[in-house]
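Trainee: Can you read through this structure? Questions will come right after.
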Amino acid sequence: MHELGIALEIHRTCREAMAPHPGARIERVTVAVGELTAVEPDLLESAWEAAVAGSPDEGSEIRILWRPARQYCAGCRADKPRAEGSWLRLCPDCGMPLAVEGGEELDVLELAFIEPDGEDTDG
Amino acid sequence: MGESKVVRVQRNALEINRRHAARLREAWRGTGTLVLNLISSPGSGKTTLLEATVARLKDRFRLAVLEGDVATERDADRIRALGVPAHQILTGGACHLEARLVQKNLEAADFGELDILFIENVGNLICPTSYDLGEDFKVALLSVTEGDDKPFKYPGIFSRAEVTVVTKADLLPHLPFDLDAVREQVGTLNPRGTFLVTSATSGEGLDAWCALLEERLAAKRAAGA
C-alpha cells in the first residue's frame, strides 16, 4: 500500500503549484495513472481523502485518468486489442511477438482551486 | 464563495522522489559507482544471490550493500559476515524504499567510495516499482518456486527491470516450472531486457551475472571518463 505516499506527494505538488495564490484551496486535481505504475485508482482515491483530511483541501476531488498499456506488433505496425489485465505474447494476426508499450504515466495534469474572496468587502 | 481557477500542472506525481533520485544519480556518476536496485518477492533469494555475488567480486571491487527490510538486521549481518560493508534500512512497515531514505541511510553508513552498490529493496513486487532510487538499473528476481505465471501477473516490475534473474534453478527438475514461458513473458514485457538463469547453490549462471556487472561498471566508467 504505497498509494498514501503518492497521494501525499500529489498534494505537495498541488500546494507548490498554488504557492502564488495564498489562501486558495483545492477543488479538484486531475492525474493520469498508467497501467504499469503499480498504482491502484480506487486505493489512490481513498489515499487522497486521507492525505487532505484536516487540511484546507479536505473534501477535494481527485480525478484519475486511467492510461492502459498497449500491445504493439512490429510486423503489422499496429497496436493490437487486448483484454484489460491480460497480455498476449504473439500477434493474433501475423504471429510475431508483441511488445508492451506505454502505461508508464503517473502525472499531475491539472489543478482546479478556489481563491479566497478577492477584495474583502467587510460585509 | 471565492473564484474557481484551473491551472495546468504537468508534473510527475513522484516529482519530489525524482529530484532526490536525480541528485543520487549525479553523485554516483561523479564517483563512477554502479548502483543496482534489486526487487523481488520475499524469499526469492535476493540476499543469497548477493552473498554469492560479493563472495566472487569482493577481492577486486569495492562493494557495499544497503538492505531494505521492514524489521531485523538479519540481512545486513549476512553480508557483513563475508567482510563486505552493509547497512540495514529499517522501514518499520513501509513496503518500499524511497530515494530520500536511501540518501539518509547512505550518509549514516558512510561507505566511502565504491565500485558497486547493491540496494536490496523491501521484498515486494509491487510498491518498489514506482520509486526511482537513482540506480543504474533495476534487477527483478524470480525464484522457480514462485511459479511461471509471475511476469504477466506483475507487469510493472518485469517491464521496468533491465535485468531479470531467475533464481533457485537447481530446483527446476523437481518443479512444474516452464522456464521458456517465463522467458517469453519477460520478452513481451521488456524486449530489450536481459534474462539470466541462476542458482546460488549450484553456481549456475553466476559467472554470467558477475560478468554483466563488470561490463556495466566498465561502461559507466568509460562514459564518465
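Trainee: With a/c under 1.5 counting as rounded, go ahead and sort chain A into rounded, prolate or oblate using the C-alpha gyration tensor (a ≥ b ≥ c being the square roots of the eigenvalues; past the cut-off, prolate if a/b is larger than b/c, else oblate).
Mentor: Because a/c hits 1.5 or more and a/b exceeds b/c, chain A counts as prolate.
Trainee: Considering only Cα-Cα distances, which of the following residue pairs are longer than 27 Å: B:46/B:153; B:46/B:220; B:150/B:220; B:104/B:138; A:80/B:150; A:80/B:153?
Mentor: The answer is B:150/B:220.
Trainee: Enumerate the calculated ³J(HN,Hα) couplings along segment B:16-26 in order (Karplus 6.51 cos²θ - 1.76 cosθ + 1.60, θ = phi - 60°), each rounded to whole Hz, writing x wherever the residue is Gly or Pro.
Mentor: My calculation for segment B:16-26 gives 5, 4, 4, 5, 4, 5, 5, 5, 4, 4, 5 Hz in order.
Trainee: A further question follows. If you filter segment A:18-108 for chymotrypsin sites (Phe, Trp or Tyr not before Pro), then keep DSSP loop positions with at most 14 other Cβ within 10 Å, what is left?
Mentor: For chymotrypsin sites (Phe, Trp or Tyr not before Pro) across segment A:18-108 that sit outside H, G, I, E and B with at most 14 neighbouring Cβ atoms in 10 Å, the list is empty.
Trainee: Taking the Cα atoms only, what angle lies between the long axis of helix A:3-17 and the longest principal axis of chain A, rounded to 10 degrees?
Mentor: It is inclined by approximately 60 degrees.
Trainee: In nanometres, what is the gap between the two model label sites at residue B:195 and residue B:29, each 7 Å from Cα along Cα-to-Cβ?
Mentor: 3.3 nm
Trainee: Ignoring everything except DSSP H segments at least 4 long, calculate the 222 nm mean residue ellipticity for chain B; use -39,500 (n - 2.57) per segment, divide by total residues, nearest 500.
Mentor: Helices in chain B give a 222 nm mean residue ellipticity of -11500 deg cm²/dmol.
Just so you know, all these numbers are worked out from the coordinates, no wet-lab data involved. Predicted model, so just to flag it, every value in this text is computed and none were measured. Cβ coordinates were reconstructed from backbone atoms using ideal geometry, including for glycine residues, and neighbour counts include every protein chain displayed.
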